[in-house]
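These notes are about the structure you will find just below.
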Amino acid sequence: RGQAKVYNDWAAQGSEYKIWDWDNCLEAFKAVEKNSRKEPNEKFKKFHGFNGLLHVEDSQNGVYEIESGLIDAAKNFGIPYNDDFNGERQNGFTAKDGRRCSLAESYLKDALKKVELHPDPKYDSLGKVVAVDVKSFAHVINIIWDEKNKKENIAIGVRYFCNGTVRESFIAPKGEVILCGGAINSPQILMLSGIGPKENLESNNIKVRKELPVGRNLLDHPGCAIVAKSTPNAIHDWSNGCEIGIIHKANVEGKIPCKDDFFNESPDIQIIAATYHDGFLDPAIELYKKKYNKFDGLIMVPLLNIPSSVGYLELNSNNPFEQPKIYFNFYERPDDLYRMISSLKLCQIGINDEFGQWCTNGKDMNDEDWEKFITSKTSSLHSCGTVKMAPESQEGVVNHRLQVYGTKNLRVVDASIFPYIPSGNTNAPTAMVAWRASRLIVEDYMRTH
């Protein structure tokens, strides 16, 4: 979820944005969550839900011995233990396991089971229609506008490519077009439909319907991985994700964090740690293995949770099948780079103290070496923000109800609307936005009809 401050910053953009403050967002977080913790205390219940569809559970099977060594190292550094990163505070370390529950696994599968009854004019009876119709291998080309009311930019459907042909799908009377393509696809669809920066649209021969800063405010949690080599055959199963998490405040001068940083309740780095097994993910590590034989170990990935640098994306052409140009601008601000160096130095100490061998030059690296390492190894993990929810005067693309400025019947509901990036993984915040959006859609429908 991240820290409450981020959501209060969302709400601070204007009085109408109060519906996005921490208290209102917490209501949504709890509504979507199905937490399985046994005998939760009252403090835990304050922050968690138990009747939603998004399953969350505590660790059931413990951790590998190699990971226990990392936990011991965290304790020796003075990092406080935290059994609930989504509770009162975010800083500290924890351990978890289990299969990740996606929104498709929880909410979409549930929706696909629902069947609605509609009049069937052919047989003078009721016909069964699924509530959600999923089109696989479909690629949206653009939004269809009501050409009879050109000045109002009324969305009436979408044009998409499927099974070798271009098709059209129209909304029901009093319905809406809702884009949920994510931080890359949603802005691309808007720009291909004439909503976006005037210069970029006109340079790609697209008629400008509404000039908005679509594609700007590209936010992300850049991550950089290092791997420690363990004794042979120490790992027997491939990890399915983070098994140990450390969330801390980094040093803006690139120094190793101190105890005060570990107890700071406004952390800006999360380190995810998991077992590394043969055939994992980093091509550089694969090359290392070919040279020095295969090995098992521990992978640690610091993520910059509160970045200062901001990127953007723009159309490469008016071809909907061509990917847009993406400029992440990672580490454009020096403090981002030094905070990442600070966290990697912390990982280095933990690895050297507990395992003794890892896949870089380790203790011989200076800050210049770290900079080269980071800029060559950084990955994008949680893109968001490119269809910013904010007042139009503050470079917003959608309003507080997620409706696109200068249009009708058009809403965006995904991580692209985040005005500021949450200081945690974006799966739960995206689910929270979807839940709140569902209420806004019903409210707007009831008010206007």
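So the values come out like this:
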quantity	calculated
Those residues of the range 407-432 which are aliphatic (A, V, I, L, M), in contact with a Phe, Trp or Tyr (Cβ under 8 Å, 6 or more places away or on another chain) and at pLDDT 95 or above, in sequence order	Met432
Any hit, the range 366-384, residues being touching a Leu at 6+ places or on another chain (Cβ under 7 Å) and modelled with pLDDT of 95 or more	yes
Ala183 within 30 Å of Asp369 (Cβ to Cβ) and either assigned to a loop (DSSP other than H, G, I, E, B) or not β-branched (Val, Ile, Thr) (or both)	no
Enumeration of residues in the range 135-178 that are surrounded by 14 or more Cβ atoms within 10 Å (Cβ to Cβ), hydroxyl-bearing (Ser, Thr, Tyr) and modelled with pLDDT under 95	Ser169
Residue that is farthest from Pro187 (Cα to Cα) [pool: residues in the range 377-401 that are of a type in the set (Ser, Thr, Tyr) and surrounded by fewer than 24 Cβ atoms within 10 Å (Cβ to Cβ)]	Thr378
Among (1) in contact with a His (Cβ under 7 Å, 6 or more places away or on another chain); (2) among the aliphatic types (A, V, I, L, M); (3) part of a helix (DSSP H, G or I) - the single one Ile441 does not satisfy	(1)
Selection from the range 388-423 of residues that are over 20 Å from Ser15 (Cα atoms) and either of a type outside the set (Ser, Thr, Tyr) or without any contact (Cβ under 8 Å) to a residue 60 or more places away in the chain (or both)	Gly406, Lys408, Asn409, Leu410, Arg411, Val412, Val413, Asp414, Ala415, Ile421, Pro422
Val404 being surrounded by 23 or more Cβ atoms within 10 Å (Cβ to Cβ), touching a Leu at 6+ places or on another chain (Cβ under 7 Å) and at pLDDT 95 or above	yes
Elements of type helices (runs of 4 or more DSSP H) contained in the range 1-108, each with 3 or more residues being modelled with pLDDT under 75	65-77
Meets criteria (touching a Gly at 6+ places or on another chain (Cβ under 9 Å) and modelled with pLDDT of 90 or more) for Leu192	no
Meets criteria (touching a residue at least 60 places away in the same chain (Cβ under 8 Å), in contact with a helix residue (DSSP H, G or I) (Cβ under 7 Å, 6 or more places away or on another chain) and within 29 Å of His248 (Cα to Cα)) for Pro320	no
For Ala172: the one exception among (1) of a type in the set (A, V, I, L, M); (2) farther than 30 Å from Tyr420 by Cβ; (3) in contact with a strand residue (DSSP E or B) (Cβ under 7 Å, 6 or more places away or on another chain)	(3)
Residue in the range 152-173 that is more than 27 Å from Val442 (Cβ to Cβ) and in a helix (DSSP H, G or I) present	no
Pair list, Cβ under 7 Å, 6 or more apart: the range 162-174 residue farther than 15 Å from Asp133 by Cβ, other residue assigned to a loop (DSSP other than H, G, I, E, B) and not hydrophobic (A, V, I, L, M, F, W, C)	Lys174/His449
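Results for (1) in a strand (DSSP E or B); (2) surrounded by fewer than 21 Cβ atoms within 10 Å (Cβ to Cβ); (3) under 18 Å from the mean Cα position of the chain (by Cα); (4) at pLDDT 85 or above, shown as yes or no for each residue.
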residue	(1), (2), (3), (4)
Trp238	no, yes, no, no
Cys242	no, yes, yes, no
Asp260	no, yes, no, yes
Asp278	no, yes, no, no
Pro307	no, no, yes, yes
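The values are calculated or read from the model by the stated rules, or taken from the named source; none is laboratory data. All values derive from a computational prediction rather than experimental measurement. All Cβ positions, glycine included, derive from the backbone under ideal geometry; neighbour counts span all protein chains shown.
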